[in-house]
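Asker: Here's a structure for you.
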Amino acid sequence: MSTVIATDLQHAVEDAAAHLYVWSLKDIPQDLRDALAAARLRETSVTGQRVLNTIHKNVNIADSEKNLVCQDTGIAVYTVRVGEHFPLHPVRIYEALRDGTGRATIEHPLRSNAVHTLTRENTGPNIGYRLPIVHWEFIADWDGLDVKCVPKGSGSENMSFLKMCVPADGVKGIKQFVLESIVGAGGKPCPPGIVGVGIGGTADYAMYLAKEAITRPVGTRNADPLVAQLEDELYGLLNETGIGPMGLGGDVTVLQCHIEHADTHMTLNPVAVNYQCWAARRASVHVDAQGNLDYDREF
Amino acid sequence: MAEHTVTFPITDPQEILKLRAGDEVTVQGHIIGIRDRTQIRIFDEGVESPMDLSGAFLLHTAPGVRKLDNGRYEKVCIGTTTSARMVRFTEPLGRQYGVRAICGKGGFPDEAIAPMQELGMVYFAIVGGAAALETTQIEEIEEVMWEELMPECLWKFRVKDFGPLTVGIDAHGNSLYHDVQTAAQLKLKELYARL
């Protein structure tokens with residue numbers, strides 16, 4: 001790989017990150033708009049309708065005023081798929097994502113949320129030690145790069161839960177924990193949103209998977225039919241709880257339930273819940289080996 | 001469920017007493033932005049609020065702003081944060097400062113019900129995340145104090161047709177959040193039995 005190509009590619013990825021961060025904050029994806037519109041038709045409570053109508057109005061105003069949908073610019077989380085033959089090392093991809101996040105924050109300007117976790121002092125333009133956060137996946141026999149930006153607001157991130165169920169708790173234990181978590185969260189995570197569930201693996205990996213789950217397009221289903229069936233069942237059960245839009249009561253508590261899974265130890269049964277608010281912001285780009293950017297490719 | 005328009009700050013306590021949980025409210029006048037660090041400074045560190053909070057409407061916010069050359073602030077995006085973290089300040093805000101309304105998202109737990117009833121206060125639920133709309137309803141940032149806490153300063157906003165808000169907790173001991181949780185806990189038992 002020549003240095004010139006690598007430098008140009010790094011700039012291209014940095015430009016992409018800066019664009020994705022602002023774009024995702026202003027223009028929510030079509031699948032989410034559709035899910036919110038369907039929720040508005042389904043909701044029967046007066047307070048729930050009031051909330052969903054306000055959300056509808058807000059999304060339209062964000063479009064017309066070119067403003068952010070929500071003031072919480074979140075923690076920038078990126079999901080990245082790197083092809084085996086993509087000519088830029090992940091070390092440099094990370095630098096580009098960090099620099100792009102910082103640049104967008106300063107240039108727009110965006111509210112900067114990043115603080116040192118003990119001193120609570122601001123650490124810079126939405127970047128800091130180990131910020132932004134990147135989920136990596138490596139793809140064999142491919143020379144491309146996919147980047148998805150998911151700014152994660154704190155209201156919903158604060159509603160994250162982990163339980164190390166035991167094998168004897170079975171699938172029933174998983175369902176109960178997800179239900180009690182979402183009822184306990186009430187209106188705090190800005191329902192109706194996407195419930196991300198991670199099952200299997202280890203404690204840390206289950207939470208990682210729960211985060212992966214909330215980054216999927218709304219209503220997509222896990223490729224494993226057993227897991228997909230559990231997604232359907234939990235989606236139905238969660239909407240019977242009556243928590244409703246913004247926790248004020250109603251029919252629509254969640255827009256979706258997505259589950260990601262990993263095989264686990266014979267004595268483990270971890271279940272993690274990560275909530276994504278109704279403003280489930282998400283934007284993606286595909287970068288080819290020459291540094292060309294295609295912002296229309298969803299993954 | 002009635003609809004009301006209330007102008008803040010209020011001087012007549014009846015303005016609060018007429019509101020009932022579930023009612024829709026639109027707010028005019030002036031509101032004050034406040035957040036975790038602002039209230040920690042006032043109550044935990046004992047620094048008196050430099051802004052008059054009597055009869056006030058407090059909004060749980062940390063706005064996105066742009067500082068202008070003349071030192072004033074221009075709004076970029078102003079929305080509302082989760083209230084539950086700040087519930088313990090409810091009683092001293094009402095008793096020491098005469099605050100009449102607290103607005104945020106996600107609600108207050110039950111410990112807010114008694115002080116709100118005793119002190120004639122109300123909790124307004126806003127739609128969390130609906131910041132683009134909220135920003136258009138804030139006409140101007142009139143005053144900023146404790147800038148060193150940016151963005152968790154004390155903010156004075158002039159608003160027009162701020163809402164729609166829902167009365168989440170009224171001054172008569174009613175809380176929509178309490179009612180929804182009670183019903184949901186009963187429902188959970190039924191759902192568990194079906195699993």
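Computed from the coordinates by the stated procedures, all read-outs in this text should not be read as laboratory data. Here the structure is a predicted model, which means the values were calculated and not measured. Positions of Cβ are generated from backbone atoms using ideal geometry, with glycine treated the same way; all protein chains shown enter the neighbour counts.
Asker: Counting only other residues whose beta carbon sits under 15 Å from that of A:L36, what net charge do I get with K and R as +1, D and E as -1?
Answerer: Result for the neighbourhood of A:L36: +1.
Asker: Taking neighbour counts of Cβ atoms within 10 Å as a proxy for exposure, in what order, fewest first, do A:T253, B:T136 appear?
Answerer: The order, fewest Cβ neighbours first, is B:T136, A:T253.
Asker: Return a whole-number percent for the relative contact order of the stretch B:3-194, with Cα pairs under 8 Å and 6 or more residues apart as the contact set. If you can, show how the numbers build up before the last one.
Answerer: Working: 433 pairs, mean separation 53.6, N = 192.
Relative contact order of the stretch B:3-194: 28 percent.
Asker: I need the calculated FRET efficiency for the pair B:T7 and A:D63, taking r as the beta carbon distance and R₀ as 25 Å, to the nearest 0.05. All intermediate terms of the calculation are to be shown ahead of the outcome.
Answerer: Numbers: r = 31 Å, r/R0 = 1.24.
Taking R0 as 25 Å, the efficiency between B:T7 and A:D63 is 0.20.
Asker: Let me ask you something else. Anyone know which of A:Y78, A:Y275, A:Y235 comes out most mobile in the 10 Å Cα GNM of chain A?
Answerer: Evaluated over chain A, the most mobile residue of the options is A:Y235.
Asker: Report the charge-dipole magnitude of the stretch A:163-292 in Debye, nearest 20, computed about the Cα centre from +1 at each Lys and Arg Cβ and -1 at each Asp and Glu Cβ.
Answerer: 340
Asker: Cut-off under 13 Å on the C-alpha distance; same-chain residues fewer than 8 positions from B:K18 excluded. Which aspartates and glutamates are left, in chain and number order?
Answerer: Within the straight-line cut-off, B:K18 pairs with B:E3, B:D170.
Asker: In the protein assembly as shown, which Cys residues have no partner Cys with a Cβ closer than 4.7 Å?
Answerer: Singleton cysteines: A:C70, A:C149, A:C165, A:C257, B:C77, B:C103, B:C153.
Asker: Around A:G153, what is the net charge, scoring Lys/Arg as +1 and Asp/Glu as -1 over all other residues with Cβ under 9 Å from its Cβ?
Answerer: Charge balance in the 9 Å sphere: 0.
Asker: Here's something else I'd like to know. With a 10 Å Cβ neighbour count serving as the proxy for reagent exposure, in which order, fewest first, do A:R92, A:R130, A:R281 appear?
Answerer: Ranking A:R92, A:R130, A:R281 by Cβ neighbours within 10 Å, fewest first, gives A:R130, A:R92, A:R281.
Asker: Just rank A:F161, B:F108, B:F43, fewest to most, by other beta-carbon atoms within 10 angstrom.
Answerer: B:F43, A:F161, B:F108
Asker: Which pairs in the list B:K75/B:K156; B:K67/B:K156; A:K57/B:K67 are over 20 Å apart, alpha-carbon to alpha-carbon?
Answerer: Violating the 20 Å limit, Cα to Cα: A:K57/B:K67.
Asker: Of A:G187, A:A279, A:I199, which is farthest towards the positive pole of chain A's charge dipole, taken about the Cα centre with +1 and -1 on the beta-carbons of Lys, Arg and Asp, Glu respectively?
Answerer: Sorting the options by dipole projection puts first A:G187.
Asker: Here's a follow-up. With +1 assigned to the C-beta of every Lys and Arg and -1 to the C-beta of every Asp and Glu, and no other charges, what is the dipole magnitude of the protein assembly as shown about the Cα centre in debye, to the nearest 20?
Answerer: 600
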